[in-house]
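The values are calculated or read from the model by the stated rules, or taken from the named source; none is laboratory data. The shown structure was predicted, so the numbers you read here are calculated from the model rather than taken from an experiment. In this analysis, Cβ positions are derived from the backbone assuming ideal geometry, glycine residues included, and neighbour counts consider all displayed protein chains. Surface accessibility is based on the protein's heavy atoms, side chains included, excluding ligands, DNA and RNA. Shrake-Rupley method; radii C 1.70, N 1.55, O 1.52, S 1.80 Å.
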Amino acid sequence: MFDRQKINQTRKDFPMLNDREIYFDNAATTFKPHVVIDAVLEYYNNYSYNVGRGDYLKAYSVEQKVEEVRSLIADFINADKNEVIFTSGATESLNTIAFSYGLQYLKAGDVILTSLAEHASNILPWFKVAELVGASIEYVELDQYGDLSLENFKAAMHDKVKVVSLAAMTNVLGNVLPIKEIAKVTHDYGAIIVCDGAQSVAHNLVDVKDLDVDFLAFSGHKMLAPTGVGVIYAKYSILDKLQPFFQGGGSNSRYTQDGSLSYKKPPYKFENGTPPIEAILGFGAAIKYLNEQDFAKLIAYEQDLVNYFIEEMSKLDNVEIYNPNSTSGIVAFNIKGIFSQDVSTYLDTQGIQVRSGHHCSKLLNNVIKANDTVRASVYFYNTFEEVDRFVEVVSQTTLEKTINIFV
Ligand SMILES: Cc1ncc(COP(=O)(O)O)c(C=O)c1O
(Lines give C-alpha, C1' and ligand atoms only; values in the text may rest on other atoms or scores of the structure.)
Protein backbone atom coordinates (compact mmCIF):
# COMPACT_ATOMS: atom_id res chain seq x y z
CA MET A 1 0.00 0.00 0.00
CA PHE A 2 1.13 3.52 -0.72
CA ASP A 3 1.47 5.38 2.55
CA ARG A 4 0.69 9.08 2.85
CA GLN A 5 4.40 9.94 3.08
CA LYS A 6 5.08 8.23 -0.22
CA ILE A 7 2.30 10.18 -1.93
CA ASN A 8 3.86 13.45 -0.79
CA GLN A 9 7.09 12.28 -2.39
CA THR A 10 5.25 11.23 -5.56
CA ARG A 11 3.58 14.64 -5.82
CA LYS A 12 6.99 16.18 -6.40
CA ASP A 13 7.07 14.40 -9.77
CA PHE A 14 4.23 16.66 -10.98
CA PRO A 15 5.14 20.31 -11.70
CA MET A 16 1.46 21.33 -11.75
CA LEU A 17 0.78 20.14 -8.20
CA ASN A 18 1.23 22.56 -5.32
CA ASP A 19 0.00 23.10 -1.76
CA ARG A 20 -2.13 26.14 -2.58
CA GLU A 21 -4.54 24.64 -5.09
CA ILE A 22 -6.55 21.44 -5.04
CA TYR A 23 -7.01 19.81 -8.42
CA PHE A 24 -10.08 17.57 -8.34
CA ASP A 25 -10.85 17.51 -12.07
CA ASN A 26 -8.86 14.42 -12.93
CA ALA A 27 -11.71 12.74 -14.80
CA ALA A 28 -11.34 15.56 -17.34
CA THR A 29 -7.57 15.22 -17.63
CA THR A 30 -4.65 14.41 -15.36
CA PHE A 31 -1.48 16.36 -14.71
CA LYS A 32 1.75 15.11 -16.26
CA PRO A 33 4.87 14.01 -14.38
CA HIS A 34 8.29 15.45 -15.33
CA VAL A 35 9.25 12.24 -17.14
CA VAL A 36 6.36 12.68 -19.59
CA ILE A 37 7.13 16.33 -20.24
CA ASP A 38 10.81 15.45 -20.67
CA ALA A 39 9.96 12.76 -23.22
CA VAL A 40 8.03 15.32 -25.30
CA LEU A 41 10.84 17.88 -25.07
CA GLU A 42 13.48 15.29 -25.86
CA TYR A 43 11.68 14.46 -29.09
CA TYR A 44 11.54 18.11 -30.17
CA ASN A 45 15.07 18.89 -28.99
CA ASN A 46 16.89 15.85 -30.29
CA TYR A 47 15.08 13.80 -32.91
CA SER A 48 11.90 15.41 -34.25
CA TYR A 49 11.76 13.30 -37.43
CA ASN A 50 8.65 11.86 -38.98
CA VAL A 51 7.90 8.14 -38.77
CA GLY A 52 7.08 5.58 -41.45
CA ARG A 53 8.64 7.64 -44.22
CA GLY A 54 12.33 8.39 -43.84
CA ASP A 55 14.99 6.07 -45.21
CA TYR A 56 17.58 7.44 -42.85
CA LEU A 57 18.70 5.93 -39.59
CA LYS A 58 17.55 8.70 -37.27
CA ALA A 59 13.97 8.61 -38.57
CA TYR A 60 14.02 4.86 -38.28
CA SER A 61 15.13 5.07 -34.64
CA VAL A 62 12.10 7.29 -33.80
CA GLU A 63 9.90 4.70 -35.47
CA GLN A 64 11.43 2.08 -33.22
CA LYS A 65 10.61 4.20 -30.18
CA VAL A 66 6.97 4.52 -31.29
CA GLU A 67 6.81 0.75 -31.70
CA GLU A 68 8.26 0.28 -28.21
CA VAL A 69 5.38 2.40 -26.86
CA ARG A 70 2.91 0.23 -28.76
CA SER A 71 4.37 -2.79 -26.95
CA LEU A 72 4.27 -1.03 -23.58
CA ILE A 73 0.59 -0.18 -24.03
CA ALA A 74 -0.19 -3.70 -25.25
CA ASP A 75 1.45 -5.18 -22.14
CA PHE A 76 -0.38 -2.69 -19.92
CA ILE A 77 -3.79 -4.00 -21.07
CA ASN A 78 -2.62 -7.55 -21.85
CA ALA A 79 -3.13 -7.25 -25.60
CA ASP A 80 -0.87 -8.25 -28.47
CA LYS A 81 1.19 -5.50 -30.01
CA ASN A 82 -0.57 -5.66 -33.38
CA GLU A 83 -3.94 -5.15 -31.66
CA VAL A 84 -3.01 -1.62 -30.53
CA ILE A 85 -3.92 1.24 -32.91
CA PHE A 86 -2.88 4.80 -32.18
CA THR A 87 -5.56 7.50 -32.51
CA SER A 88 -5.90 11.08 -31.31
CA GLY A 89 -7.99 10.02 -28.28
CA ALA A 90 -11.00 8.06 -27.09
CA THR A 91 -13.39 10.16 -29.18
CA GLU A 92 -11.59 9.34 -32.42
CA SER A 93 -11.24 5.71 -31.32
CA LEU A 94 -14.98 5.35 -30.68
CA ASN A 95 -15.89 7.09 -33.94
CA THR A 96 -13.47 4.91 -35.88
CA ILE A 97 -14.89 1.76 -34.33
CA ALA A 98 -18.51 2.81 -34.92
CA PHE A 99 -18.00 3.86 -38.53
CA SER A 100 -15.64 1.04 -39.53
CA TYR A 101 -17.56 -1.77 -37.88
CA GLY A 102 -21.03 -0.27 -38.16
CA LEU A 103 -20.93 0.55 -41.86
CA GLN A 104 -19.40 -2.81 -42.73
CA TYR A 105 -21.54 -5.11 -40.61
CA LEU A 106 -24.76 -3.43 -39.44
CA LYS A 107 -27.93 -3.38 -41.50
CA ALA A 108 -31.53 -2.21 -41.26
CA GLY A 109 -33.34 -3.72 -38.29
CA ASP A 110 -30.19 -4.35 -36.23
CA VAL A 111 -29.96 -2.92 -32.74
CA ILE A 112 -27.10 -1.14 -30.97
CA LEU A 113 -27.45 -1.49 -27.21
CA THR A 114 -26.03 1.19 -24.94
CA SER A 115 -27.06 3.19 -21.86
CA LEU A 116 -28.20 6.67 -20.86
CA ALA A 117 -25.06 7.08 -18.75
CA GLU A 118 -22.71 7.11 -21.74
CA HIS A 119 -20.45 9.96 -22.73
CA ALA A 120 -21.49 11.72 -25.97
CA SER A 121 -18.42 10.21 -27.66
CA ASN A 122 -19.83 6.74 -27.15
CA ILE A 123 -23.36 7.54 -28.22
CA LEU A 124 -23.35 10.13 -30.99
CA PRO A 125 -21.22 8.07 -33.42
CA TRP A 126 -23.74 5.21 -33.01
CA PHE A 127 -26.65 7.61 -33.62
CA LYS A 128 -25.05 8.53 -36.94
CA VAL A 129 -24.24 4.96 -37.93
CA ALA A 130 -27.76 3.84 -36.99
CA GLU A 131 -29.19 6.59 -39.18
CA LEU A 132 -26.96 5.60 -42.11
CA VAL A 133 -27.70 1.86 -42.03
CA GLY A 134 -31.26 1.88 -40.67
CA ALA A 135 -30.36 0.31 -37.31
CA SER A 136 -31.83 1.49 -34.02
CA ILE A 137 -30.49 2.34 -30.59
CA GLU A 138 -31.79 0.78 -27.38
CA TYR A 139 -30.83 1.50 -23.77
CA VAL A 140 -30.28 -0.78 -20.80
CA GLU A 141 -32.34 0.37 -17.84
CA LEU A 142 -30.34 2.04 -15.06
CA ASP A 143 -31.12 2.30 -11.37
CA GLN A 144 -31.61 5.63 -9.56
CA TYR A 145 -27.81 5.94 -9.12
CA GLY A 146 -27.25 5.52 -12.84
CA ASP A 147 -25.85 2.06 -12.23
CA LEU A 148 -26.24 -0.73 -14.77
CA SER A 149 -26.71 -4.21 -13.32
CA LEU A 150 -26.01 -7.49 -15.08
CA GLU A 151 -29.63 -8.40 -14.47
CA ASN A 152 -30.89 -5.33 -16.34
CA PHE A 153 -28.36 -5.95 -19.08
CA LYS A 154 -29.60 -9.51 -19.57
CA ALA A 155 -33.18 -8.24 -19.66
CA ALA A 156 -32.28 -5.78 -22.41
CA MET A 157 -30.45 -8.29 -24.63
CA HIS A 158 -32.18 -9.98 -27.55
CA ASP A 159 -31.35 -11.50 -30.91
CA LYS A 160 -31.44 -8.27 -32.89
CA VAL A 161 -28.70 -6.67 -30.79
CA LYS A 162 -25.52 -6.79 -32.86
CA VAL A 163 -23.38 -4.28 -30.98
CA VAL A 164 -23.19 -3.51 -27.28
CA SER A 165 -21.34 -0.29 -26.53
CA LEU A 166 -20.76 0.64 -22.89
CA ALA A 167 -18.24 2.44 -20.72
CA ALA A 168 -16.48 0.20 -18.21
CA MET A 169 -16.50 3.20 -15.86
CA THR A 170 -18.96 6.02 -16.50
CA ASN A 171 -17.79 9.60 -16.41
CA VAL A 172 -20.50 11.43 -14.43
CA LEU A 173 -21.09 8.98 -11.59
CA GLY A 174 -18.07 6.74 -11.94
CA ASN A 175 -20.15 3.56 -11.99
CA VAL A 176 -18.05 0.48 -12.66
CA LEU A 177 -19.84 -2.03 -14.88
CA PRO A 178 -19.47 -5.84 -14.76
CA ILE A 179 -17.91 -5.78 -18.23
CA LYS A 180 -16.55 -9.33 -18.16
CA GLU A 181 -19.99 -10.76 -17.44
CA ILE A 182 -21.62 -8.38 -19.93
CA ALA A 183 -19.13 -9.50 -22.60
CA LYS A 184 -20.00 -13.14 -21.96
CA VAL A 185 -23.75 -12.51 -22.38
CA THR A 186 -23.07 -10.36 -25.47
CA HIS A 187 -21.11 -13.16 -27.10
CA ASP A 188 -23.75 -15.75 -26.18
CA TYR A 189 -26.10 -13.72 -28.40
CA GLY A 190 -23.49 -13.56 -31.19
CA ALA A 191 -23.04 -9.79 -30.82
CA ILE A 192 -19.82 -7.83 -30.24
CA ILE A 193 -18.94 -5.56 -27.34
CA VAL A 194 -17.27 -2.16 -27.64
CA CYS A 195 -15.93 -0.93 -24.34
CA ASP A 196 -15.32 2.75 -23.69
CA GLY A 197 -12.30 2.65 -21.39
CA ALA A 198 -11.64 6.41 -21.25
CA GLN A 199 -12.15 6.41 -17.48
CA SER A 200 -11.52 2.79 -16.59
CA VAL A 201 -8.06 2.25 -18.06
CA ALA A 202 -6.78 5.22 -16.03
CA HIS A 203 -8.13 3.88 -12.73
CA ASN A 204 -8.28 0.09 -13.00
CA LEU A 205 -6.07 -2.79 -14.00
CA VAL A 206 -7.55 -3.70 -17.39
CA ASP A 207 -6.93 -7.08 -18.96
CA VAL A 208 -8.60 -7.25 -22.37
CA LYS A 209 -8.11 -11.00 -22.67
CA ASP A 210 -9.74 -11.63 -19.33
CA LEU A 211 -12.60 -9.20 -20.04
CA ASP A 212 -12.93 -10.66 -23.53
CA VAL A 213 -14.06 -7.35 -25.04
CA ASP A 214 -13.93 -7.00 -28.81
CA PHE A 215 -12.96 -3.33 -28.82
CA LEU A 216 -11.59 -1.00 -26.16
CA ALA A 217 -11.12 2.76 -26.61
CA PHE A 218 -9.14 5.08 -24.35
CA SER A 219 -7.17 8.34 -24.15
CA GLY A 220 -3.63 8.95 -22.94
CA HIS A 221 -4.31 12.30 -21.31
CA LYS A 222 -6.53 10.82 -18.59
CA MET A 223 -3.62 8.66 -17.42
CA LEU A 224 -0.65 11.08 -17.27
CA ALA A 225 0.16 11.15 -21.00
CA PRO A 226 -0.02 14.23 -23.25
CA THR A 227 -3.23 15.22 -25.01
CA GLY A 228 -3.66 14.18 -28.64
CA VAL A 229 -3.03 10.46 -28.33
CA GLY A 230 -5.39 7.58 -27.70
CA VAL A 231 -5.82 3.93 -28.51
CA ILE A 232 -8.14 1.44 -30.14
CA TYR A 233 -7.61 -2.07 -28.92
CA ALA A 234 -9.42 -4.74 -30.95
CA LYS A 235 -9.09 -8.49 -31.29
CA TYR A 236 -6.79 -9.24 -34.20
CA SER A 237 -9.34 -11.59 -35.78
CA ILE A 238 -11.75 -8.62 -36.04
CA LEU A 239 -9.13 -6.14 -37.23
CA ASP A 240 -7.96 -8.53 -39.91
CA LYS A 241 -11.40 -8.55 -41.59
CA LEU A 242 -12.34 -4.96 -40.87
CA GLN A 243 -12.19 -2.29 -43.59
CA PRO A 244 -10.69 0.96 -42.31
CA PHE A 245 -13.06 3.91 -42.41
CA PHE A 246 -10.30 6.51 -42.77
CA GLN A 247 -8.02 6.47 -45.76
CA GLY A 248 -4.68 8.08 -46.48
CA GLY A 249 -0.92 7.74 -46.45
CA GLY A 250 0.46 5.01 -44.25
CA SER A 251 -2.38 2.50 -44.18
CA ASN A 252 -2.13 1.08 -47.69
CA SER A 253 0.48 -1.17 -49.27
CA ARG A 254 -0.45 -0.17 -52.83
CA TYR A 255 -3.19 1.40 -54.91
CA THR A 256 -3.73 1.98 -58.60
CA GLN A 257 -5.28 4.60 -60.84
CA ASP A 258 -8.47 2.58 -61.27
CA GLY A 259 -9.11 2.66 -57.52
CA SER A 260 -7.97 -0.81 -56.51
CA LEU A 261 -6.36 -0.72 -53.12
CA SER A 262 -4.64 -3.10 -50.77
CA TYR A 263 -4.03 -2.41 -47.12
CA LYS A 264 -1.18 -3.13 -44.78
CA LYS A 265 -1.78 -5.58 -41.97
CA PRO A 266 -3.31 -4.42 -38.67
CA PRO A 267 -2.65 -2.23 -36.80
CA TYR A 268 -1.11 -0.16 -39.60
CA LYS A 269 -4.08 -0.35 -41.95
CA PHE A 270 -5.96 1.79 -39.39
CA GLU A 271 -3.23 4.43 -38.97
CA ASN A 272 -3.23 7.20 -41.57
CA GLY A 273 -1.18 10.36 -41.76
CA THR A 274 1.47 11.60 -39.39
CA PRO A 275 0.74 10.42 -35.86
CA PRO A 276 1.17 12.61 -32.75
CA ILE A 277 4.73 11.31 -32.32
CA GLU A 278 5.67 13.41 -29.30
CA ALA A 279 2.41 12.49 -27.54
CA ILE A 280 2.98 8.80 -28.24
CA LEU A 281 6.48 9.03 -26.78
CA GLY A 282 5.02 10.87 -23.78
CA PHE A 283 2.42 8.09 -23.45
CA GLY A 284 5.28 5.59 -23.28
CA ALA A 285 6.91 7.57 -20.48
CA ALA A 286 3.54 7.70 -18.65
CA ILE A 287 3.09 3.93 -18.82
CA LYS A 288 6.67 3.35 -17.66
CA TYR A 289 6.04 5.73 -14.77
CA LEU A 290 2.82 3.93 -13.75
CA ASN A 291 4.60 0.58 -13.94
CA GLU A 292 7.53 1.82 -11.86
CA GLN A 293 5.21 3.20 -9.18
CA ASP A 294 3.33 -0.11 -9.17
CA PHE A 295 -0.04 0.74 -10.66
CA ALA A 296 -1.89 -1.80 -8.48
CA LYS A 297 -0.66 -0.01 -5.35
CA LEU A 298 -1.64 3.37 -6.74
CA ILE A 299 -5.14 2.06 -7.42
CA ALA A 300 -5.42 0.68 -3.88
CA TYR A 301 -4.38 4.04 -2.42
CA GLU A 302 -6.86 5.87 -4.65
CA GLN A 303 -9.60 3.48 -3.55
CA ASP A 304 -8.95 4.30 0.13
CA LEU A 305 -8.99 7.98 -0.72
CA VAL A 306 -12.35 7.70 -2.53
CA ASN A 307 -13.91 5.72 0.32
CA TYR A 308 -12.79 8.41 2.74
CA PHE A 309 -14.01 11.16 0.40
CA ILE A 310 -17.52 9.68 0.08
CA GLU A 311 -17.67 8.98 3.81
CA GLU A 312 -16.78 12.59 4.72
CA MET A 313 -19.06 14.14 2.07
CA SER A 314 -21.96 11.98 3.28
CA LYS A 315 -21.75 13.65 6.68
CA LEU A 316 -22.65 17.07 5.20
CA ASP A 317 -26.27 18.20 5.50
CA ASN A 318 -26.04 20.78 2.73
CA VAL A 319 -24.97 18.26 0.09
CA GLU A 320 -26.79 15.75 -2.09
CA ILE A 321 -24.56 12.96 -3.40
CA TYR A 322 -25.65 11.13 -6.55
CA ASN A 323 -23.22 8.23 -6.29
CA PRO A 324 -23.03 7.37 -2.57
CA ASN A 325 -21.72 3.89 -3.41
CA SER A 326 -18.95 5.16 -5.67
CA THR A 327 -15.93 2.92 -5.95
CA SER A 328 -14.23 5.08 -8.57
CA GLY A 329 -12.40 8.37 -8.21
CA ILE A 330 -15.56 10.41 -8.84
CA VAL A 331 -17.88 12.13 -6.36
CA ALA A 332 -20.95 13.65 -8.06
CA PHE A 333 -22.98 16.04 -5.92
CA ASN A 334 -24.88 19.28 -5.62
CA ILE A 335 -25.00 21.74 -2.77
CA LYS A 336 -28.70 22.05 -2.02
CA GLY A 337 -30.27 25.15 -3.54
CA ILE A 338 -27.14 26.31 -5.42
CA PHE A 339 -26.56 26.00 -9.18
CA SER A 340 -23.67 23.61 -9.83
CA GLN A 341 -21.72 26.08 -11.96
CA ASP A 342 -21.94 28.71 -9.22
CA VAL A 343 -20.55 26.13 -6.82
CA SER A 344 -17.57 25.34 -9.02
CA THR A 345 -16.93 29.04 -9.68
CA TYR A 346 -16.98 29.68 -5.94
CA LEU A 347 -14.74 26.70 -5.21
CA ASP A 348 -12.28 28.12 -7.72
CA THR A 349 -12.03 31.30 -5.63
CA GLN A 350 -11.03 28.97 -2.77
CA GLY A 351 -8.27 27.37 -4.85
CA ILE A 352 -10.28 24.24 -5.72
CA GLN A 353 -10.77 23.06 -9.29
CA VAL A 354 -13.74 20.82 -10.10
CA ARG A 355 -16.12 20.44 -13.01
CA SER A 356 -19.84 21.19 -13.16
CA GLY A 357 -22.67 20.76 -15.68
CA HIS A 358 -23.64 17.73 -17.80
CA HIS A 359 -20.11 16.39 -18.25
CA CYS A 360 -20.86 15.49 -21.90
CA SER A 361 -23.56 13.00 -20.81
CA LYS A 362 -26.77 14.80 -21.56
CA LEU A 363 -29.09 11.76 -21.34
CA LEU A 364 -28.41 11.00 -17.68
CA ASN A 365 -30.36 13.89 -16.16
CA ASN A 366 -33.71 12.10 -16.10
CA VAL A 367 -32.20 9.06 -14.43
CA ILE A 368 -30.59 10.85 -11.50
CA LYS A 369 -33.23 13.61 -11.45
CA ALA A 370 -30.71 16.43 -11.61
CA ASN A 371 -30.14 18.80 -14.50
CA ASP A 372 -26.46 19.15 -13.70
CA THR A 373 -23.96 18.17 -11.02
CA VAL A 374 -20.63 19.15 -9.51
CA ARG A 375 -18.03 16.49 -10.20
CA ALA A 376 -14.98 16.15 -7.97
CA SER A 377 -12.59 13.54 -9.31
CA VAL A 378 -9.38 12.42 -7.66
CA TYR A 379 -6.28 10.64 -8.90
CA PHE A 380 -3.60 8.76 -6.99
CA TYR A 381 -1.59 11.95 -6.41
CA ASN A 382 -4.37 13.58 -4.37
CA THR A 383 -4.18 13.46 -0.59
CA PHE A 384 -6.40 12.90 2.42
CA GLU A 385 -5.53 16.44 3.55
CA GLU A 386 -6.91 17.80 0.28
CA VAL A 387 -10.13 15.86 0.84
CA ASP A 388 -10.38 17.33 4.36
CA ARG A 389 -9.91 20.85 3.04
CA PHE A 390 -12.41 20.26 0.23
CA VAL A 391 -15.07 18.92 2.59
CA GLU A 392 -14.53 21.86 4.94
CA VAL A 393 -14.95 24.42 2.13
CA VAL A 394 -18.03 22.64 0.74
CA SER A 395 -19.60 22.48 4.21
CA GLN A 396 -19.23 26.25 4.50
CA THR A 397 -20.44 27.10 0.99
CA THR A 398 -23.67 29.09 1.08
CA LEU A 399 -25.86 30.68 -1.58
CA GLU A 400 -24.80 34.09 -0.28
CA LYS A 401 -21.10 33.34 -0.73
CA THR A 402 -21.59 32.08 -4.29
CA ILE A 403 -23.62 35.20 -5.20
CA ASN A 404 -21.09 37.53 -3.61
CA ILE A 405 -18.33 36.54 -6.00
CA PHE A 406 -20.31 38.11 -8.85
CA VAL A 407 -20.84 41.50 -7.15
C1 LIG B 1 -16.30 7.86 -20.51
C2 LIG B 1 -15.66 8.78 -21.51
N3 LIG B 1 -15.67 8.45 -22.80
C4 LIG B 1 -15.10 9.20 -23.75
C5 LIG B 1 -14.47 10.37 -23.42
C6 LIG B 1 -13.83 11.19 -24.50
O7 LIG B 1 -12.45 11.26 -24.27
P8 LIG B 1 -11.54 12.30 -25.09
O9 LIG B 1 -12.12 13.65 -24.82
O10 LIG B 1 -10.18 12.11 -24.50
O11 LIG B 1 -11.62 11.91 -26.50
C12 LIG B 1 -14.43 10.79 -22.09
C13 LIG B 1 -13.83 12.07 -21.71
O14 LIG B 1 -14.13 12.66 -20.70
C15 LIG B 1 -15.03 9.96 -21.10
O16 LIG B 1 -15.00 10.29 -19.82
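Quick one: which residues, 5 or more positions from N382 or on another chain, have an amide H under 5 Å from its amide H? H modelled 1.01 Å from N in the peptide plane, none for Pro or chain starts.
none
Divide by every residue of the chain the summed helix terms, -39500 (n - 2.57) for each DSSP H run of at least 4, and state the resulting mean residue ellipticity at 222 nm, rounded to the nearest 500 deg cm²/dmol.
Numbers: 16 runs with 167 residues, N = 407.
Value at 222 nm, helices only, nearest 500: -12000 deg cm²/dmol.
Near K154, which lysines are there with a Cα under 20 Å away, not counting those fewer than 8 places off in the same chain?
Counting by Cα, and skipping residues close in sequence, K154 has these lysines nearby: K162, K180, K184.
May I ask you to give the percent of accessible area on the chain that is carbon plus sulfur, with a probe radius of 1.4 Å?
On the way: 8880 of 17700 Å².
Answer for the chain is 50 percent, counting heavy atoms of protein chains only.
What is the dipole size for the range 159-276, taken about its Cα centre, with +1 at each Lys and Arg Cβ and -1 at each Asp and Glu Cβ, in debye to the nearest 20? Could you put the intermediate results ahead of the total?
Details: 12 positive and 11 negative charges, 56 e Å.
With only Lys, Arg, Asp and Glu charged at Cβ, the dipole is about 260 debye.
Cross-link partners among lysines for K265, C-alpha distance below 16 Å, same-chain residues fewer than 8 apart left out?
K81, K235, K241
Could you give the DSSP H helices of the chain that reach 20 angstrom or more along their long axis (alpha carbon positions) and whose average Kyte-Doolittle hydropathy is no lower than -0.5?
Numbers: long enough: 57-76 (28 Å, -0.08); 90-105 (22 Å, 0.12); 277-293 (24 Å, 0.55); 295-314 (28 Å, 0.18).
Taking the DSSP H segments of the chain (at least 20 Å long, mean hydropathy at least -0.5), we get 57-76, 90-105, 277-293, 295-314.
Only sites in a loop by DSSP and with at most 15 other Cβ atoms within 10 Å count here; which chymotrypsin sites (Phe, Trp or Tyr not before Pro) in the range 50-149 make the cut?
Details: sites: Y56, Y60, F76, F86, F99, Y101, Y105, W126, F127, Y139, Y145; in loops: Y56, Y145.
Of the chymotrypsin sites (Phe, Trp or Tyr not before Pro), the ones in loops of the range 50-149 whose Cβ has at most 15 other Cβ atoms within 10 Å are Y56.
Mind jotting down the three principal axis lengths of the range 321-407 based on Cα atoms? Whole angstrom, largest first.
Cα extents, longest axis first: 34, 30, 19 Å.
Mind checking the per residue accessible area of the range 36-291 for me, 1.4 Å probe, whole number of Å²? Mind showing how you got there, number by number?
Numbers: 10650 Å² over 256 residues.
With the other protein chains kept in place, the range 36-291 gives 42 Å² per residue.
Give the distance, in whole Å, between the Cα centre of the range 234-280 and the Cα centre of the range 33-63.
22 Å
With the dipole of the chain worked out from charges on the C-beta (+1 for Lys and Arg, -1 for Asp and Glu) around the Cα centre, which of P33, T91, A117 lies farthest toward the positive end?
Of P33, T91, A117, it is T91.
Using a Debye calculation, one point per C-alpha and no hydration shell, please list log10 I(q)/I(0) for the range 201-300 at q = 0.16, 0.21, 0.23 Å⁻¹ in order.
Treating every Cα as an identical point scatterer, log10 I(q)/I(0) equals -0.83, -1.16, -1.25.
Taking the simple approach of a point 7 Å from Cα along Cα-to-Cβ for both N46 and D80, what is their distance in nm?
3.3 nm
To the nearest µm²/s, what D does Stokes-Einstein give for the range 36-291 at 10 °C and 1.306 mPa s, using the Kirkwood radius over alpha carbon pairs as Rh?
Numbers: Rh = 18.8 Å.
Approximately 84 µm²/s, per Stokes-Einstein.
Using a Förster distance of 56 angstrom, determine the FRET efficiency expected from the C-beta separation of N318 and Q257, and round it to 0.05.
Details: r = 70 Å, r/R0 = 1.26.
My answer for the efficiency is 0.20.
Tell me, what is a quarter of the convex hull surface for the C-alpha atoms of the range 283-359, in nm² with one decimal? Show your work: numbers first, answer last.
Working: hull surface 26.6 nm².
Quarter of the Cα hull surface area: 6.7 nm².
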